[in-house]
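What follows is one structure encoded as structure tokens, with my remarks underneath.
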Amino acid sequence: MFEVSLPSLIVIVFGAVVLIELLYYYVIYARFSFTKKKSQKYMYQPPVSIVMVAKDAAGVLLRTLPKFLNQQYDNFEVVVVDDNSQDDTRLLVVEYQQQYRNLKLVELDTAVTTIRGEKFAISMGVRCATHPYLVITDPEYAPTSTHWLEKMAGNFENDRQIVLGYSTFEKKRSPFNRLLHFDNLVGAMQYFSLAQIHSTYRGDIKNLGITQQIFTQQRGFASHNHIRYGEEDIFISRAADRSNTAIEFSPDAVTVLQRNVRFNKWLDHKQGLYYTRHFNSLKNRLLLGTCAVVNLLFYVGLVLAIVFSIGNVLLLSVTAGIFAVKVLSQYLVFGFAAKKLNERQVIPGLLVYDLIFAVLNPLYYLDALIRHDRFL
């Protein structure tokens, strides 16, 4: 009977783990990384309402609101929902209304509501919107160009009812900023790629197109109003089907955060997405969960394969070869995606960031499950 030594078995298992990762890279992620977006003239310009929720946002609105109001688009309005602001948000919007006739203010009072998070405010903005096509964003973000709305709204053509856009952070020379951009890149690769294989599971509420019709069909956020998160994943995963979703990642169609990122707020949002993931389909939960587990197993397997192969030149050579194939493939696939999303600054430190999140993501996920009461 043929016997396999423990070092050989570990190397074989390590190779199997890498094979699974390569399947993710070339079967799923490659659909986004290597597929060129068809040249589009964006001739289709339906009437659009831009909806944003502002809470004590006067300072940032002063910088971002003109960028939304000055979009080169024929028929659109900007709906600002003032969510009980205690600053000059209302006064600022009223002042801008004197100059822009397409600016609408929706004021929320202190009425008690059991709806968690920003869902109630977003729903009121959608309800008060004039036009049947909506692009939801945030006043703390700003579009990268005056053609942002044109490119997002052009995807509603051919009966598309959901448009997944991309938002990111300002680039700064700090390790934390690079980590944020890497995490953002990987997240976008996942939701863009899964959308392309008709397994849409989330979008980005800071740059998301939907129709009034799909919002009404889903009864808004009624099924998850008791959860603080869910508007960009639970809603989207249930509303999307094989033919009604488009993706938009043109450089001119991105929204960028205009303030420093607070670690606690970023982590809370990240863990909120982990918690709401269990409302997704079993298929998508398996795809995303397996990806995270396999990524961690790669580094564990690499260490074990090296330790147990010391003294065995053949096994060390095989381990090195497996590692090289994985790393080259990762740099290739992630590199093309980073180029598309203008996130190339993360590529030099790709392996370091990948290792950090391979360890942290499972911990964040477990913490979100254990302390899930904060999301309810």
*Please go through the stretch 138-162 and pick out each residue that is open to solvent by 10 Å² or more (accessible area, probe 1.4 Å) and under 25 Å from K55 (Cα atoms).*
D138, E140, Y141, P143, T144, S145, T146
*the stretch 127-142 - residue that is part of a strand (DSSP E or B) and not small (G, A, S) and, of those, farthest from A57 (Cα to Cα)*: Y133
*Tell me, which residue of the stretch 31-53 that is at pLDDT 95 or above and among the aliphatic types (A, V, I, L, M) is farthest from L257 (Cα to Cα)?*
V48
_Top-ranked residue in the stretch 307-333 [being among the polar types (S, T, N, Q) and at pLDDT below 95; ranked as most open to solvent (accessible area, probe 1.4 Å)]_ = N312
_Tabulated pairs, the stretch 181-201, first of a type in the set (V, I, T), second modelled with pLDDT of 95 or more and part of a loop (DSSP other than H, G, I, E, B), C-beta under 8 angstrom, 6+ apart or interchain_ = T200/A240
*Restricting the search to the stretch 68-88, which residues are within 20 Å of G117 (Cα to Cα), among the polar types (S, T, N, Q) and surrounded by 16 or more Cβ atoms within 10 Å (Cβ to Cβ)?*
S85
*How many residues does the stretch 336-357 hold that are open to solvent by less than 20 Å² (accessible area, probe 1.4 Å) and within 18 Å of the chain's Cα centre (by Cα)?*
7
*Going through the stretch 307-322 one residue at a time, which ones are touching a helix residue (DSSP H, G or I) at 6+ places or on another chain (Cβ under 8 Å) and not in a helix (DSSP H, G or I)?*
I310, N312
*Quick one: in the stretch 229-247, of everything that is surrounded by 20 or more Cβ atoms within 10 Å (Cβ to Cβ) and not aliphatic (A, V, I, L, M), which residue is farthest from A368 (Cα to Cα)?*
T245
*Answer yes if at least one residue in the stretch 163-182 is at pLDDT below 95, assigned to a loop (DSSP other than H, G, I, E, B), open to solvent by less than 10 Å² (accessible area, probe 1.4 Å) and in contact with a Leu (Cβ under 8 Å, 6 or more places away or on another chain), and no otherwise.*
no
_Inter-residue pairs, beta-carbon under 6 Å, first farther than 14 Å from S199 by Cβ and in the stretch 275-290, second part of a helix (DSSP H, G or I), 6+ apart_ = Y275/A368; Y275/H372; Y275/F375; T276/I234; F279/I234
*The listed residue being assigned to a helix (DSSP H, G or I) and open to solvent by 20 Å² or more (accessible area, probe 1.4 Å), out of L91, L61, L65, L105*: L91
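The values are calculated or read from the model by the stated rules, or taken from the named source; none is laboratory data. Model, not experiment: these values are computed from the prediction. When we count neighbours, we look across all protein chains shown, and the Cβ atoms used for this are built from the backbone with ideal geometry, even at glycine. Surface accessibility is based on the protein's heavy atoms, side chains included, excluding ligands, DNA and RNA. Shrake-Rupley method; radii C 1.70, N 1.55, O 1.52, S 1.80 Å.
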